[in-house]
1. Helix by helix, which DSSP H runs in chain B go 30 Å or more along their axis at the Cα atoms and have an average Kyte-Doolittle hydropathy of -1.0 or more?
2. Using label points projected 7 Å from each Cα along Cα→Cβ, tell me how many nm separate A:A54 and A:E114, to one decimal.
3. Helix-derived [θ] at 222 nm for the protein assembly as shown: sum -39500 (n - 2.57) over DSSP H runs of at least 4, divide by residue count, nearest 500?
4. With unit charges on the beta carbon (Lys/Arg positive, Asp/Glu negative), name the residue among A:V235, A:L182, A:Y521 whose Cα is farthest towards the positive pole of the charge dipole of chain A.
5. With everything on Cα atoms, drop me the angle between helix A:97-110 and the longest principal axis of chain A, reported from 0 to 90° to the nearest 10.
6. Give me B:E363, B:E389, B:E50 sorted ascending by neighbouring Cβ count inside 10 Å, so fewest comes first.
7. Place a +1 charge on the Cβ of each Lys and Arg in the protein assembly as shown and a -1 charge on the Cβ of each Asp and Glu, then give the dipole magnitude about the Cα centre in debye, rounded to the nearest 20.
8. Within 10 Å of each Cβ in peptide B:81-92, how many partner chain Cβ atoms are there on average? Round it to a whole number, please.
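Bear in mind these aren't lab numbers, they're just calculated from the coordinates by the rules spelled out. Computed from a predicted structure; not experimentally measured. Ideal geometry is used to build each Cβ from the backbone, glycine not excepted, and the neighbour counts take in all protein chains shown.
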Amino acid sequence: MTPPVDGFWLPREVREIAMGPDTHFQALSFKDGRPCEEGEAGAVSARWPQLSAAAWRRTLEILNDNRRRAPRGDAFWGRLSAALEVVGRRFASPGDPIRKTALESLPGYSGYSEAMIRLTLEGLDLMSLEGMAARFRGTIPKEAARGWVSIEGLPGRLRFYAKGGWLGKLGGLGRGSLFGELEAPGIIVGYGAGNVPGAALLIVLLGLATTLSGEAPPVMVIKNSRREPIFSPLVLSALAEADPELVSTVAVSIWDYEETDIQETLIGEADLVVAAASDETIGQIRSQIAAADRRLSRPPTRFHAHGHKVSFSAIGAETLVQGLADPTSGRPLIEIAALLAGLDSVFWDQHGCLSSRIHFVERGDGACHTPMEYAQQLEAQLRLLAAHLPRGAWPLSQIHDRFDRYKSLESTGQVKVLSGYDDEFLVAFDQRPLDAPALSRAVNDCQGRAILVRPVDDLMEVPGKFLRSLPSANLQSLSVATGEPGGGLTERILKFGEACGRCGVTAMRSVGRGAFPQLAYSWDGLIPMDLVRRRAEGYFTSIEFDSPYEQILDTYHKFQGRGN
Amino acid sequence: MDAVQEITKYEKDRTIQGKYGLADFWEMRPERRAAVLLRAIQEGHAWHFERNPAYRQAVSARGVRAQIAEEDLPRILRQTSQTFKSYIEILGTPFPQDKPREFVEWLDEQLSVRLPRERFGRIQRRYRSLEALLADIEAVFGDFQFEISTSSGTSGKSTILVRDREAIDKTVESLYLSFQRYMGMQADHRVIFIMPKETRIAMARFTGFCIERLETFNGRVHYTIPFPARPDQVRIRAGRTFRDGWAGQIERRLWHPLINWANERYATPRSTRETLRLLRAAEAAGEKALLFGGWVHLHSLAREVLAGGHPIQLPPGSLLGTGGGFKEVYAFTPAQIRGDLALALQDVQGQPLPFHDVYGMAESNWAAMQCREGSYHIPPWVYALTLDEDDNPQMATEATGLLAFYDPFGGGRLFPGFFKSADQVRLVNPPGRYDPALDCACGEVGAYIAQGSIQRVDLMEEAGCAAQV
């Protein structure tokens, strides 16, 4: 029986003091992404210590001590960037024991294919820390509430959408900053959930980045996911091996939301709570925060909630012009766009909030490939991806049932299923008129590698006819294939982004980058500065490119370089 | 005899379906049953493949042709939750009364007999209710002797399916044989249904038919819910799907609360009183009774009896039956309800009356009834198996998976009775994988669903951070 993998990360000092020989460990075993009995063939087990509320209090004291000694600001960030490079190389290095542990444990525990995990490990460098320092300095002008503003040191644009009706909008008038005084958090409590690897790690990296505001890196206590507790502790332990001080203020482990004494202890100390979890869990945490605020008679604790979301793709007609090709490889652009957009959908088998569900494809004139031709290309690219980046161990019956449903809709003359019954993915071309419930159902159908291709006459129909019918709080990213060679961020793209942002979309990326969000941009409407300052109610939408056409080719070359 | 019936009879005479009656299957050894059923499935498939456009389209897309081998069995299954609900997406509305002619086109595609197209023009352009549309279809195609039934419709989006006289007769026979065999019912009960007489809900309707068709029950069958349960009323009462526009606002704001109020304040108490009256009369006359109702209705009755302080004591052989599970959140568990029923309804010795749950679905022409040991017995003329998560048949003598069934003998000629359900069950001794050591303690030989193992599983689990909207 293989020993359990650590599903927690605690700095050495905490292990020595808060964890004694009597500390009890809890373990869970998973096989093919589903809970199973420990010791079952193919089972992977993960363990974590069961710490009492008193042990967590002691842990907070130790982390606070470490905080006093930790480097801060640019010095910290420079060391972190260097350490992450080392860690990235280790995960990419075939002989490294950390990579070996990851590849031996993550596929079985999480259910995702080994190839998917391998690509993630080798693609850690795609999560850029570039431009983070500038995110905590300077300000975001109120102009962002009235239109797109550029982002210092980074490509793209930023836009703020105020909530709270006309009073909220009034706050965006005039000049000055959208944000208030610096309130860098001393203690962040986080919650990472779900089986997509790295939710806890993302919160840790963002939290540590707050040191760029000039304060010491915060103490961070993060509840790890039971569904995938392995990846974040592995990265943190690798970081600790590279430079232990960098993660000396961080503790990642697992406890229950119902363990009220632990929750009260931690939330009672928190300056900021960050949760990436289901809407139900977020509601539960929100209530616990409110109770703590009342009990301690303190101002409302800041709470960054990242609930469950949906993302989409939009393919502009200008990228479907016949004859357009990558000058380096000669590959037609329609193939590249379909491959990268397909990748945005198949990553994490559409269990992730960033995974694109429906691909909206703009009809062009006679010089353009048709949306149906795009759908055919997408089907071909998904077949390739199925071979190189296989689907995880999810029930095929889900794909079969959707195949049957969409196949039966072919009788309407408005649906065409392009994949086969035995394919481990579904591509269907769907031009039925959809009311809001039917659109919701179509969106919900697109999980586990099911993609609907919907033609639109104009990209503006995407927000105008579709996104506006969906709950804005559930919208997240839009992967786009748009722009022309040398065309940059055109008025058309900005107008499209503006309309999508107004519907609730919080990030626009070029195709192929959907699964690799950049920390410096908006995550569910929150930008890094939100970690250290308060502002009026609303959300940010970011466009993460200046030259979409060139970025698409750049992304393609990067993946090509990785042998995909 | 019309042309359709003639063809059916001719076909029947020359096929295996014509050779065996349903009851014959109890006389067969399990291995023989499996072989006969498999041959009948192959014949039934070929017959429907040739005639049923929707079925042919569905299975052809999976690479299935008219002739199938045993390994093709999983590929001819259609989903219960999808097949006869597909009109919603094809018509673009859950209200077929708004698009009646398109609905009839859809219906025609679903059947293995062709509806005379010249009559399509007799279907109106719009109907005031789903009930009106269904009644008119039955009238326009009266010579087919259609009975249109629905699922319970609590989602507001009903499964709608058609049976003809032959299918209804088979269903009635199937249910009656099972009632007799597994529940020990003879034709000497006073039968009390806590349900409306007028309903299109398949399981209620066919259970009622089953009893009514038996002349020995004349005058001793009672329905105690005083109002009809038409599909439109069921939809509005459930409150999950309303019409668009003003009509929907009136449904939502007026009819929905009003129907629920009337149900709670008037229909349920009246039904409970009437049921009690009938039971007390049976008690006084020493008549055996069969009481059949939903879990919630039975519980309401039990609490009323217990509040009165005196249990009802009925002669030996009296029975309690339920079915349909829980359609809404209910504050009491089945075990609590069984406990209250055991105290409220007893035999003359003060022992709890035998209580049997019935498992079935709108698409099936059979039901699995609980024996005294609690197992749900699949009638032997039905070939049941479980599927794993990839839709592969599970080859064990006992396995937990999605229940699939083939009903080549009782399924009728209008559509193939080959379905994959949305229920996960633990199935023991399926055809072809029989182990006598696993026979139910009640003595029945053949496939059964283990007690407490039925679980609805068609809700998508949220594994990652992707939302359901």
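1. Working: long enough: B:30-51 (31 Å, -0.68).
In chain B, the long hydrophobic H runs are B:30-51.
2. In this crude label model, A:A54 to A:E114 measures out at 4.6 nm.
3. Mean residue ellipticity at 222 nm (helix-derived): -11000 deg cm²/dmol.
4. Checked the options; the winner is A:L182.
5. Computed tilt is about 70 degrees.
6. Numbers: B:E363 24, B:E389 16, B:E50 11.
The most exposed by this proxy come first: B:E50, B:E389, B:E363.
7. Taking the Cα centre of the protein assembly as shown as origin, the dipole is about 2300 debye.
8. On the way: counts 2, 5, 2, 0, 1, 5, 0, 3, 11, 8, 1, 7.
For this peptide, the per-residue mean of nearby foreign Cβ atoms is 4.
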